[in-house]
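The values are calculated or read from the model by the stated rules, or taken from the named source; none is laboratory data. Predicted model only: the values in this text are computed from it and were never measured. FYI the Cβ positions are ideal-geometry reconstructions off the backbone, even for glycines, and counts take in every protein chain you see. We work out accessible area using only protein heavy atoms, side chains counted, and drop any ligands, DNA or RNA first. Shrake-Rupley method; radii C 1.70, N 1.55, O 1.52, S 1.80 Å.
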Amino acid sequence: MGAWQSYRLRLQRKRWLIRAFRKRRDLRAVANRTDRITASDLLVFCTARNEGVRLPWFLKYYRDMGVGHFLIVDNDSTDGSRAYLAQQQDVSLWTTGASYRRSRFGMDWINWLLRCYGHGHWTLTVDPDELFLYPFCDTRPLRALTDWLDASSIKSFPAMLLDMYPKGRIDAQPYAPGQNPLEIASWFDAGNYRISRNPRFGNLWIQGGPRARLFFPDSPDRAPALNKIPLVKWHRSYAYVSSTHMLLPRGLNLVYDEWGGEKASGLLLHTKFLDTFGAKAEEELTRHQHYAGSSEYLAYAAGLQDNPDLWCRWSEKYINWRQLEILGLMSKGNWA
């Protein structure tokens, strides 16, 4: 990369940090317990709206993983989730009625909280429907992974988003609060992924899976991005650029070997497609707060109108992380 392009990226990073500083005024603290954060705590950052049915399992999943504190922005929920989160002693909660779209889809708010509270911590930025997997997660806590990353001088860790779905209609089985969503959404596409490299930011761009297969069959380049970098040893000078797809400084995006080789990587099991999805999609179509005029949700509505079933004869049922490593969807690299 040339000096001019590097300079432009530095300017862009400063721009995102200035935006985050300005957007801090959108946030009102409901329960600020950040004084309880210890120097060694692993932190989860999240933006949510009307995700009350998912929150009990979401919190339990990451608590069991070893997360010490949650920093959550509630975007004007109306389902009681704000009151529920305010009661959780390991949650710091902010609320806002400001535009999700005008905050760069929540990333200005998250960048501000990361700058204020994430500095020096391993931070995991995820949505309430994303369950983080990493090599040996069935036997080793998340702290074991971050200790290894520290010892290896690695500051960021990637995780491909893997869409999970039921066999049959997605509205056939009701999901209950506190239930493991993988009991219902236990299937995934083992293949059907395309990978390219973003020349400007250096990150891989991954698309495919059931959303490309069903909702964007004629224009797969418009399918949602599946590449994410959710786990970062945060520094106050860092900034997420587009969701958690890429960061600045650019070096944080260089998380894969050039030939898809042996660097360790994880997965985010994406449990969006439960019986709650129909109501969620309808709400988002009404709000028009998502990327490109909510075109993704328009595609969902059209694709699921007649047959809300993502399963196909090539679908594979989820067993564990080792299965996903064998399929080449994640790697333990040289972490043995």
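Details
- Just one residue in the set 222, 140 is basic (Lys, Arg), out of contact with any His (no Cβ under 9 Å at 6 or more places or on another chain), at pLDDT 95 or above and open to solvent by 60 Å² or more (accessible area, probe 1.4 Å); that residue is 140.
- Residue ID - most open to solvent (accessible area, probe 1.4 Å), chosen from residues in region 179-191 that are at pLDDT 95 or above and not aliphatic (A, V, I, L, M): 183
Quick grid of which residues meet (1) within 18 Å of residue 155 (Cα to Cα); (2) modelled with pLDDT under 85; (3) among the polar types (S, T, N, Q):
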residue	(1), (2), (3)
241	yes, no, no
250	yes, no, no
253	yes, no, yes
259	no, yes, no
265	yes, no, yes
269	no, no, no
275	no, no, no
279	no, yes, no
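- Sole residue being closer than 14 Å to residue 309 by Cβ, modelled with pLDDT of 90 or more and either of a type in the set (Asp, Glu) or not in a loop (DSSP other than H, G, I, E, B) (or both), chosen from 194, 211: 211
- Matching residues in region 18-47 - criterion: being under 18 Å from residue 241 (Cα atoms), open to solvent by 30 Å² or more (accessible area, probe 1.4 Å) and either part of a strand (DSSP E or B) or among the aliphatic types (A, V, I, L, M) (or both): 18
- Taking every residue in region 151-164 that is within 11 Å of residue 330 (Cβ to Cβ) and open to solvent by 10 Å² or more (accessible area, probe 1.4 Å) and pairing it with any residue that is among the hydrophobic types (A, V, I, L, M, F, W, C) and not in a loop (DSSP other than H, G, I, E, B), at least 6 positions away or on another chain, the pairs with Cβ-Cβ distances below 7 Å are 160/206; 160/267.
- Condition check for residue 237: among the small types (Gly, Ala, Ser), open to solvent by 30 Å² or more (accessible area, probe 1.4 Å) and in contact with a helix residue (DSSP H, G or I) (Cβ under 9 Å, 6 or more places away or on another chain): yes
- Residue 13 touching a residue at least 60 places away in the same chain (Cβ under 8 Å), over 18 Å from residue 98 (Cα atoms) and in contact with an Asp or Glu (Cβ under 9 Å, 6 or more places away or on another chain): no
- Screening residue 176 on (1) surrounded by 14 or more Cβ atoms within 10 Å (Cβ to Cβ); (2) within 22 Å of residue 56 (Cβ to Cβ); (3) among the hydrophobic types (A, V, I, L, M, F, W, C) shows it passes everything except condition (1).
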